[in-house]
């Protein structure tokens with residue numbers, strides 16, 4: 001039994017879920033992936049429809065973000081530079097990191113004890129295997145509260161110009177593998193024109209662990225033209241030909257090393273041909289009116305996690321105080 005505080009066990013009556021705009025993932029997939037319509041058409045169309053469905057919500061989130069200190073100096077982690085599209089906070093700068101890492105590893109070990117064949121054998125599951133995902137986190141509110149902690153949330157809000165939604169979360173295990181395919185090649189994520197994924201190494205991570213690797217947004221720009229509206233994958237040779245590899249960065253370091261990366265603007269890959277197993281916590285922020293939803297999202301707002309949080313954090317969880 002874990003000694004971590006599991007949080008409240010019943011939904012506080014003072015909170016209610018925020019009505020979400022109509023889900024757009026299926027339509028986004030049809031228009032963008034199947035019909036190959038330009039992203040410049042698809043994203044504004046779907047985002048605009050969601051905005052029209054919830055104009056007051058979108059306005060409130062923008063107003064709250066405008067009230068933040070633009071320097072974010074008091075928070076201790078800084079902001080996400082617009083041109084570069086990423087932030088690598090100093091070790092120990094994100095509040096609650098040590099406890100979140102310890103709890104995530106504990107959950108991983110519990111799963112390993114019961115489901116070794118499914119979760120830990122690459123031949124049975126591929127190179128990127130989900131230990132916990134989406135609604136699984138509702139049983140672990142201490143982790144969700146960490147994800148919407150400030151100043152981390154402030155940095156994302158300032159980058160978006162609006163208080164975002166915590167759109168999804170996953171703990172991924174990458175077994176040793178020899179493959180270089182799919183998301184192991186350079187690519188962009190396409191839920192929106194911009195997003196922020198927070199990557200947290202849960203084990204000490206070296207180049208042998210297949211670390212998350214990316215190019216800053218400005219260095220990615222030239223290579224993006226080869227992706228046909230952001231679709232497809234690029235090999236290292238093609239990225240090198242387009243002049244991008246000189247700025248390649250990998251998220252290596254001790255457990256708790258983290259990066260806030262705009263994976264819609266920064267070309268990236270991970271879990272490629274790692275000699276050692278890699279464990280990473282990833283959580284994703286999107287705009288409330290984002291054209292699509294997370295692939296590892298929540299089917300319902302996690303009400304159990306909102307008690308005792310401020311309005312910014314509650315909005316990020318998709319809940320608010322009842323009138």
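The values are calculated or read from the model by the stated rules, or taken from the named source; none is laboratory data. This one's a predicted model, so the numbers in the text were calculated from it and none came from an experiment. Please note: Cβ atoms are built from the backbone with ideal geometry, for glycine as well, and neighbour counts cover all protein chains shown.
Laid out as a table, the results:
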| read-out | value |
| --- | --- |
| Scope the stretch 196-223; condition surrounded by fewer than 18 Cβ atoms within 10 Å (Cβ to Cβ) and under 24 Å from residue 32 (Cβ atoms); matching residues | 221, 222 |
| Filter result for residue 223 (part of a helix (DSSP H, G or I), touching a helix residue (DSSP H, G or I) at 6+ places or on another chain (Cβ under 6 Å) and modelled with pLDDT under 85) | yes |
| Near pairs, Cβ below 6 angstrom, 6+ apart or cross-chain, from the stretch 194-216 (in contact (Cβ under 8 Å) with a residue 60 or more places away in the chain) to any residue that is surrounded by fewer than 23 Cβ atoms within 10 Å (Cβ to Cβ) and assigned to a helix (DSSP H, G or I) | 202/101; 202/104; 202/105; 216/247 |
| Search result, residues across the stretch 263-285 that are assigned to a loop (DSSP other than H, G, I, E, B), touching a strand residue (DSSP E or B) at 6+ places or on another chain (Cβ under 6 Å) and under 25 Å from residue 163 (Cβ atoms) | 263, 266 |
| Members of the stretch 270-280 found to be surrounded by fewer than 22 Cβ atoms within 10 Å (Cβ to Cβ) and under 16 Å from residue 86 (Cβ atoms), listed by number | none |
| Pair list, Cβ under 8 Å, 6 or more apart: the stretch 88-113 residue in contact (Cβ under 8 Å) with a residue 24 or more places away in the chain and on the phi > 0 side of the Ramachandran plot, other residue surrounded by 15 or more Cβ atoms within 10 Å (Cβ to Cβ) and in a helix (DSSP H, G or I) | 96/145; 96/146 |
| Scan of the stretch 160-209 for residues that are at positive phi and out of contact with any helix residue (DSSP H, G or I) (no Cβ under 8 Å at 6 or more places or on another chain), ordered by number | 182 |
| The stretch 292-306, residues that are buried (at least 17 other Cβ atoms within 10 Å of the Cβ) and either closer than 25 Å to residue 48 by Cβ or over 16 Å from the mean Cα position of the chain (by Cα) (or both) | 292, 293, 294, 297, 298, 301, 302, 303, 304, 305, 306 |
| Test: residue in the stretch 47-55 that is touching a helix residue (DSSP H, G or I) at 6+ places or on another chain (Cβ under 6 Å) and either under 23 Å from residue 294 (Cα atoms) or modelled with pLDDT of 90 or more (or both) | yes |
| Residue match in the stretch 236-257 (condition: in contact (Cβ under 8 Å) with a residue 24 or more places away in the chain and under 30 Å from residue 63 (Cβ atoms)) | no |
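This table checks each residue for (1) buried (at least 21 other Cβ atoms within 10 Å of the Cβ); (2) part of a helix (DSSP H, G or I); (3) modelled with pLDDT of 90 or more.
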{"position": "155", "(1), (2), (3)": "yes, yes, yes"}
{"position": "162", "(1), (2), (3)": "yes, no, yes"}
{"position": "172", "(1), (2), (3)": "yes, no, yes"}
{"position": "179", "(1), (2), (3)": "no, no, no"}
{"position": "183", "(1), (2), (3)": "no, yes, no"}
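Let's see how each residue does on (1) assigned to a loop (DSSP other than H, G, I, E, B); (2) under 21 Å from the mean Cα position of the chain (by Cα):
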| position | (1), (2) |
| --- | --- |
| 31 | no, no |
| 43 | no, yes |
| 52 | no, no |
| 65 | no, yes |
| 79 | yes, yes |
| 93 | yes, yes |
| 102 | no, yes |
| 107 | no, yes |
